[in-house]
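Trainee: So that we are looking at the same thing, I have put the structure below in C-alpha cells.
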C-alpha cells in the first residue's frame, strides 16, 4: 500500500515537473533546442515545432478539464508524452533517433535528481 502511494506521488511529481518545465518554453523554443541538439534540418524543425504545438494544446485542455481525476491526468500526461516522442521519432533519421533517446533519458535523469533533492 505504501509503495503504491509513494509510486503515485512520484509519478505525479514527474508529470508536474515535466509539464511545467515544458510549458515554460514555447513550442518554437523547444523545437529550436532540439534542432540544435539533434542537428535537424529546417523541414524537420518545422515538423517538430508543429508536434510541440499540438502537444501544448492538448496539455492546456487537460489542465482545464475539471472532470479528470489526478490518476487519469497522470495517465493522460504520460500517454501524451509518449505519443509526442513517437511523433518526433518519425521525423528523425537513425542517428538523430539515437541522440533523441539519449536526450529523453537525460531529461528523466535530471527530473529524478530534482525529486531526490526534494526529499
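Just so you know, all these numbers are worked out from the coordinates, no wet-lab data involved. Just so it is clear, the structure is predicted and the values come from calculations on it, not from any experiment. Neighbour counts are summed over all protein chains in view; Cβ atoms, including those assigned to glycine, are modelled from backbone coordinates with ideal geometry.
Trainee: I want to check the label-to-label distance for residue 43 and residue 57. Put each point 7 Å from Cα in the C-beta direction and report it in nm to one decimal.
Mentor: Going from the residue 43 label point to the residue 57 one covers 2.3 nm.
Trainee: What full-extension length gain, to one decimal in nm, is calculated for residue 50 and residue 89 as 0.36 nm per residue of separation minus the Cα-Cα distance? Don't jump to the answer; show the numbers that get you there.
Mentor: Working: separation 39, 0.36 × 39 = 14.04 nm, distance 1.35 nm.
Full extension from residue 50 to residue 89 adds 12.7 nm.
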